[in-house]
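Okay, handing you the structure first.
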Amino acid sequence: MSALARLFRGQGAHEDSLRIVEGIDWRLAGMRPAGFRHSIYQLVFHLNFWMDVELKCIESTVKSHPDDWSLSWPDPEPKDDLAWRHELALFRTSLDQLVTLADAQASTLARIAHKGSDDTVETVLTALAVHNSYHLGQIVQLRQALGAWPPA
């Protein structure tokens, strides 16, 4: 597994990405303690949103970033357990796709990902890894504030 792929999985200096988000009740995922701007649910939705956008850009080489970035921030609470489990499933699937891409041949990683830019697949994957790391750190802080860290 490449160093880039390990960043998505949370190995090495990072906590396991799936361990950070799994094992959380949907009601807890929707809580927003005092001093926190987003809930765990919102952060996972936001991560899923941007991983999906970038995966679509990589697959089609068509720039498809939304004009309204606020679309990546849903209401703080999932409507039910099914909505929360759906976001977790998307998170797992997107991570799997990103790891596969991160381990792709050099020619794939060097391909332009955003039409009209110099952003390669590798550049986009690196930006996503950093973005994920930032927000996963926020989720750990939220879990700590909610008394749900470390995971069981």
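Bear in mind these aren't lab numbers, they're just calculated from the coordinates by the rules spelled out. The structure displayed is predicted, hence computed values, not measured ones. A quick note on method: Cβ atoms are made from the backbone with ideal geometry, for glycine too, and the neighbour counts reach across all protein chains shown.
Taking the alpha-carbon set of the stretch 10-89, what are its Rg and Dmax in Å?
When restricted to Cα atoms, the stretch 10-89 yields Rg and Dmax of 14.1, 41 Å.
Shifting gears a bit: Given charges of +1 on the Cβ of Lys and Arg and -1 on the Cβ of Asp and Glu, with all other atoms neutral, how large is the dipole of the stretch 18-100 about its Cα centre, in debye to the nearest 20?
That gives a dipole near 200 debye.
Evaluate 2.2 N^0.38 Å with N set to the residue count of the stretch 80-138, then give the Cα radius of gyration divided by it.
It is 1.35.
Return the inverse of the average 1/r over all pairs of distinct C-alpha atoms in the chain, which is the Kirkwood hydrodynamic radius, in Å to one decimal.
Taking the inverse mean of 1/r over all distinct Cα pairs, the chain comes out at 16.0 Å.
Please grab the % of Cα pairs in the stretch 105-152 that end up more than 15 Å from each other.
Result for the distance tail: 59 percent.
Under a point-charge model restricted to the Cβ atoms of Lys and Arg (+1) and Asp and Glu (-1), what is the dipole moment magnitude of the chain relative to its Cα centre, in debye to the nearest 20?
220
A further question follows. Using a Förster distance of 22 Å, how high is the FRET efficiency between T108 and S133, based on the Cβ-Cβ distance and rounded to 0.05?
0.45
Once every DSSP H run of n ≥ 4 in the chain is given -39500 (n - 2.57) and the sum is divided by its residues, what mean residue ellipticity at 222 nm do you get, rounded to the nearest 500 deg cm²/dmol?
It comes out at -18000 deg cm²/dmol, rounded to the nearest 500.
Whole-Hz Karplus ³J(HN,Hα) for the stretch 65-73, in order, using 6.51 cos²θ - 1.76 cosθ + 1.60 and θ = phi - 60°, x for Gly and Pro?
Here the 3J(HN,Hα) series is 5, x, 6, 10, 5, 5, 4, 7, 10 Hz.
Take the Cα coordinates of the stretch 46-101, assign each an equal point scatterer, and use the Debye formula without solvent to give log10 I(q)/I(0) at q = 0.21, 0.22 Å⁻¹.
Each listed q corresponds, in turn, to -0.88, -0.93.
Here is a further query. Which residue, Q97, Q138, W26, has the largest displacement toward the positive end of the dipole of the chain when charges sit on each Cβ (Lys, Arg +1; Asp, Glu -1)?
With unit charges placed on the Cβ atoms, the residue in question is Q138.
Ok, one more. Check G30: other-chain or 5+ apart residues with amide H under 5 Å from its amide H, H built from backbone geometry?
Y41
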